[in-house]
Amino acid sequence: MIRKLPCILRFHGAAAQTLYRQQPNIILTRNYAADAKDNRNNEKTRQSSTGSSKSLPAARNPFAIAQEKTKNTYLTMVEIFMERDIHRRNHVEFIYAALKHMADFGVEHDLEVYKALINVMPKGKFIPKNIFQAEFMHYPKQQQCIIDLLEQMEDNGVMPDYEMEAMLLNVFGQRGHPLRKYWRMMYWMPKFKNLSPWPLPDPVPDDTLEIAKLAVERMCTVDLRSKIDVLETSELKDALDDTWIVSGMSPEQSKLLREHSKQKALYIEGPFNMWIRNRRINYFTLRADADVDFLAQLDERQLDEDDVTKIDVPFFGRAPPRRHNQLGKLRSVHQQDDGTIMAICATGTSTKDSLLSWIRLLERGNPVLGEIPVLFRFLSAVPAKAEEIEAPSSVPAKASDINSSSN
Amino acid sequence: MRCKLLPRALKLLTQTRCASNKATRVSSSNSNVKAHQSENQMPEEAPTAEQQLTAREPLVKNFFVGVMDKELLGFPEVIPREEMANLQNTLLPLKNYFVEQVSPKQAWNDLKQLRLFGLNVPTDYEGSGYNWSASLMASEPECNVTSVGLALQTHRVVVDMLCELGTVEQQQRYLPALASGQLMGTEAIFEYTPPEEDIFGAQATYDMAASRWVLNGEKAFVVVAPGEARQLFLVLAQTQAANLPGPAGVGCSIFLVDSQQKGVRLGEEHSSFGCREVPMRRVHFDNVQLEEQQMIGLAHNGNKYAEQLVRSSRLRSSLLGISLSKQLLNQLTSFSIDTRQGGAQIQDLELTRVHLSQMMCSIYAMESMLYLTAGMLDEFAGQDVTLESAITKYYTMRETYNIATLSMGILGPKSLHSGQPLEQGLRDAAQLVTQGESPSTLSLFIALSGLQHAGQLMNAGVRKARNPLFNPGHIFGKFLSTDSIEQPKIRGILTENLHPTLEASAQCIEHSVARLHMAVDLMFTRHGNAVVEKQHEMQRLANIASNIYAMWASAARASRSYCIGLPLADHELLTASAVCNQGRDEVTRLAMEIYNGNYMNNDNNLLRLANQVTKSRGYFPVHPLTFNF
């Protein structure tokens, strides 16, 4: 029970948080001039989170003003901080600041960086001397700081390693709360790590084509016979856009297409969204209206399940009998209640022209497609063709800049 | 022996008299009415007239509903005594010919002189006119050379089909040539890549104007006689009934195609694993024009005739398996007698002895099943032996392969050394298993046929059991009954039809049949007509049924042998007891698995795993030494 107390405190404790954080900000460097805007923002958030109107001296944040935002500079700054004086004053504030700017440096998935930050903590100082200190979370500010760091790792899916356990042991001792947090993480995170039925490569490739392939492959897992083709519009003479098309279609779908009535139109629908980790892919479907008669017939086939007098014995060449299929067809996974999906695709430009090229290219394997009318039915505006976009001069260089200003 | 084999005895009596043209009345006071009738109706001046009794209820199909025909425990004696003597005389040269290792090439040339092509062709068409049992017996010698046997058996299947289903015109046209060996019959049924939706890739269309059929397509694994022999292919092709468009009108028809017809082309030769001396090839048909007389039976009704076709080919190919197994056993026995290893003779090792006896028991069961089935075919007119023949083949092929692989354990790496007789045996066994219908198809066929029969008879009970709240009486009756699958109640009806030594075996059979019946009842009650989708359970059912038939046939044969005092009959009794004991344990295990259901018998786990296996396209676990962090 006692052990749980700090946890309760932590969960219920906006108060606790504010307590730890209401230390005056301390200036790390002497460069006041730059980045006034950022400081102001920081201050504003801090004030709103603490709810106190007391104005505090602004902290000088080395991470915000770094020119070159790379892992190396990040680590160098941590190193500078560690070597500056023996007392390492304000290391908690430093770690919080460092945590906050990780994304700007693109190091939020890097275990080494987290370790470097933990290493900032002095070793042996924060080890509780007795059981009461341990259970009542002595050195709350420091412990909470590292717990927050671990929390951030967890949120970013960074799994700690055994070296980190040794570091935490050196800093907070056997009974330290960060170490408990670490142990819980090491229990759960490996179990969750590979739980996804559609594992993605790590790291996820940055190329849109590769991501589109991943997306289409993932959607095509409903039918194991599906084939993913990467088509190039340049194969067609009159294509306007020169781009790629990732198309997924299975032999089952080809068969459905062959059986589709030529009087009934097919629709290209979309764009729909699919998220591959933090990247969004637009995709389109080639869909026909549901074959109502067929589906109704399936419902009507009210078979008497208790009747065992009509068992069929197949001779060679016949499929093994199925209960619902003594005569007639089975419903395929592509025949949904709201429509029959014939194929899916993602194109490089997501334009009408590229979709048109897609249909043309599909016609090669499915000549019947040439005789069926195909209509567009879009959920949002889709450009007719790709336009050359010239970058305006005012566009911010990096997405992180926009993020930080809106903080 | 207290066998109730009176009708049979009478029949045999009349046959022998018939043969010697001295038909006299039997002055038996308590003779069976049926036998009397058949005897009275028998024309005295026709010595070769078929003397078939009226068909009995199907034997194994009735096992599925727990009914046993104890009369059929009398092993059939369908070849009359004198004919038997003649047959054995004619077989003597054949046996001598095939017993020494003849090369298959040489054998091919001698087959015509040995008059082996016309064994089952009626005497009217210059054949030997043997019935099922006799022709099987007569083809035993040639099966010593598996490749030759394989080719001859498929020839015989075509002859069987012509005799049973062919018109007189067709018989006159083909049978004499088939009997003399000028024409070599061959089945062309299976295809290399079966089509996704249709029954067969080979399709025939009817040309109304010319009233001809046009055949197109390709067949594979067709046994082809070496040399330039003319061939008669028995082709199963898909046809579409003209008045029924769509899938409802799709049927298949059986055609006889001469290899010298225009458009027939022999394709590439399969380089197969076993039976290499007999070439197997693809056969292409390009717009082959077929007259209407070249069709066997009615158009689009091939499935109806398929029953006769598979029955014949199953029985005849079982014979090959039996011969091969016998050879393997003989070779292994000589090896274990002649070899001393580490100061001990192999024959004295307990493991070897157990293996040898197990092989012996299997072969005994196969042989008994084959001749019991053939005997029933000969003895009763129009007897339904679909299931019996399927079981015979299923059991034979499974056990032949087992025996062939057991030799690997006894002989070690030598058994796979090329040129060793056992190596060839193993390859031939593997080839035979895959030839024609595969064991898994057969097992499904066995279970489905049995369920079909049982479903018609048990429907009322199944309906009640599946709706317990509407039929409380039925359910209470079930609760109160003391019959259980572990300890079924039996009535001891079989004991009096077997020699008293086999009383325990008779009980084994009765227990097993009762268990099969209960298992079928359970499956129907659990799944209703979805039972056809439970293939793993059906396979268990097929194994149960084949074990029971093996027990039945072995016990029947051993009882007969002992009663008439054949050589080593006491060991036959021992064999039959062993078969029955082993069969009962196997049946109990399988029936309990069905009784326990899919959560207890591991089926559920396996089916769930299969999902992931297909999703990952094969083996999915990562390497055992993989780190996760």
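The values are calculated or read from the model by the stated rules, or taken from the named source; none is laboratory data. In this text the structure is predicted, and so the values were computed from the model without any measurement. Please note: Cβ atoms are built from the backbone with ideal geometry, for glycine as well, and neighbour counts cover all protein chains shown.
Among the residues making up segment B:280-304, those that are closer than 30 Å to residue B:146 by Cβ and modelled with pLDDT of 85 or more are B:280, B:281, B:282, B:283, B:284, B:285, B:296. Residue B:496 meets all of the listed conditions (1) part of a helix (DSSP H, G or I); (2) within 10 Å of chain A (Cβ to nearest Cβ) but one, namely (2). Within segment B:383-409, residues that are in contact (Cβ under 8 Å) with a residue 12 or more places away in the chain sit with their Cβ atoms under 7 Å from residues that are acidic (Asp, Glu) and part of a helix (DSSP H, G or I), at 6+ positions apart or across chains, in these pairs: B:386/B:307. Residues in segment B:603-625 that are more than 37 Å from the chain's Cα centre (by Cα) and not in a helix (DSSP H, G or I): B:616, B:620, B:621, B:622, B:623, B:624, B:625. Any residue at all in segment A:216-223 that is assigned by the TED database to the domain that holds residue A:249 and surrounded by fewer than 14 Cβ atoms within 10 Å (Cβ to Cβ)? The answer is yes, given that some residue of segment A:216-223 is assigned by the TED database to the domain that holds residue A:249 and surrounded by fewer than 14 Cβ atoms within 10 Å (Cβ to Cβ). Per this entry, residue A:239 is not counted among residues that are surrounded by 17 or more Cβ atoms within 10 Å (Cβ to Cβ), closer than 30 Å to residue A:106 by Cβ and not charged (D, E, K, R). Restricting segment A:246-296 to residues that are aromatic (Phe, Trp, Tyr) and surrounded by fewer than 19 Cβ atoms within 10 Å (Cβ to Cβ) leaves a set whose member that is nearest to residue A:221 (Cα to Cα) is A:275.
Residues are listed down the side, and each one gets a yes or a no for (1) small (Gly, Ala, Ser); (2) within 14 Å of chain A (Cβ to nearest Cβ); (3) buried (at least 16 other Cβ atoms within 10 Å of the Cβ); (4) closer than 26 Å to residue B:270 by Cβ:
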site	(1), (2), (3), (4)
B:376	no, no, yes, no
B:404	yes, no, yes, yes
B:421	no, no, no, yes
B:438	yes, yes, no, yes
B:460	yes, yes, no, no
B:467	no, yes, no, no
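All told, residue B:192 meets the bar of being within 14 Å of another protein chain (Cβ to nearest Cβ), of a type in the set (Phe, Trp, Tyr) and surrounded by fewer than 24 Cβ atoms within 10 Å (Cβ to Cβ). Could you please let me know if residue B:578 is more than 23 Å from residue B:446 (Cα to Cα) and either in contact (Cβ under 8 Å) with a residue 60 or more places away in the chain or of a type in the set (Gly, Ala, Ser) (or both)? The answer is yes for residue B:578.
Comparison of B:464, B:534, B:478 shows that the only residue that is basic (Lys, Arg) and in contact (Cβ under 8 Å) with a residue 12 or more places away in the chain is B:478.
The residue that is farthest from the other protein chains (Cβ to nearest Cβ), among those in segment B:533-577 that are among the β-branched types (Val, Ile, Thr) and under 23 Å from residue B:357 (Cα atoms), is B:575.
When A:295, A:266 are checked against the criterion of being of a type in the set (A, V, I, L, M, F, W, C) and within 15 Å of residue A:363 (Cα to Cα), a single residue qualifies: A:266. Only one entry in B:444, B:502 is away from chain A (no Cβ under 14 Å) and either part of a helix (DSSP H, G or I) or under 29 Å from residue B:573 (Cβ atoms) (or both), namely B:502. For residue A:194, are the conditions met, namely being under 22 Å from residue A:96 (Cβ atoms) and either among the polar types (S, T, N, Q) or assigned by the TED database to the domain that holds residue A:345 (or both)? In short, no. Considering segment B:65-108, the residues that are small (Gly, Ala, Ser) and at pLDDT 90 or above include one that is surrounded by the most Cβ atoms within 10 Å (Cβ to Cβ), namely B:74.
When the test is whether a residue is closer than 20 Å to residue B:115 by Cα, more than 14 Å from every other protein chain (Cβ to nearest Cβ) and not in a helix (DSSP H, G or I), residue B:205 does not pass it. For segment B:166-189, taking the residues that are more than 14 Å from every other protein chain (Cβ to nearest Cβ) and part of a loop (DSSP other than H, G, I, E, B), the one that is nearest to the chain's Cα centre (by Cα) is identified as B:166. Considering every residue within segment B:381-397, establish whether at least one is in contact with a Gly (Cβ under 7 Å, 6 or more places away or on another chain), over 30 Å from residue B:333 (Cα atoms), within 11 Å of another protein chain (Cβ to nearest Cβ) and surrounded by 22 or more Cβ atoms within 10 Å (Cβ to Cβ). Yes, because at least one residue in segment B:381-397 is in contact with a Gly (Cβ under 7 Å, 6 or more places away or on another chain), over 30 Å from residue B:333 (Cα atoms), within 11 Å of another protein chain (Cβ to nearest Cβ) and surrounded by 22 or more Cβ atoms within 10 Å (Cβ to Cβ). Filter segment A:134-159 down to the residues that are touching a Phe, Trp or Tyr at 6+ places or on another chain (Cβ under 6 Å) and within 14 Å of chain B (Cβ to nearest Cβ), then identify the one that is surrounded by the most Cβ atoms within 10 Å (Cβ to Cβ). Ranking the qualifying residues of segment A:134-159, first place goes to A:153. Note on segment B:505-528: residues that are within 14 Å of chain A (Cβ to nearest Cβ) and without any contact (Cβ under 8 Å) to a residue 24 or more places away in the chain total 1. Remark: pairs (first residue in segment B:591-613, over 25 Å from residue B:508 (Cβ atoms); second residue loosely packed, with under 12 Cβ neighbours inside 10 Å and modelled with pLDDT of 90 or more; Cβ separation under 7 Å; 6+ apart in sequence or on different chains) = B:612/B:620; B:613/B:620. What's the number of the condition residue B:222 fails, among (1) within 14 Å of chain A (Cβ to nearest Cβ); (2) in a strand (DSSP E or B); (3) not acidic (Asp, Glu)? Status for residue B:222: all satisfied but (1). Within segment B:524-561, work out how many residues are part of a helix (DSSP H, G or I), among the charged types (D, E, K, R) and farther than 29 Å from residue B:572 by Cβ. So the answer is 4.
Only residues that are among the charged types (D, E, K, R) and part of a helix (DSSP H, G or I) were counted in segment A:218-246, giving 2.
Taking the criterion of being of a type in the set (Asp, Glu) and away from every other protein chain (no Cβ under 14 Å), the residues of segment A:160-210 that qualify are A:206, A:207, A:210.
Within segment A:316-336, one or more residues are in contact with a Cys (Cβ under 9 Å, 6 or more places away or on another chain) and at pLDDT below 85.
The helices (runs of 4 or more DSSP H) found entirely in segment A:60-121 that carry 3 or more residues being within 22 Å of residue A:163 (Cβ to Cβ) are A:71-84, A:91-100, A:111-120.
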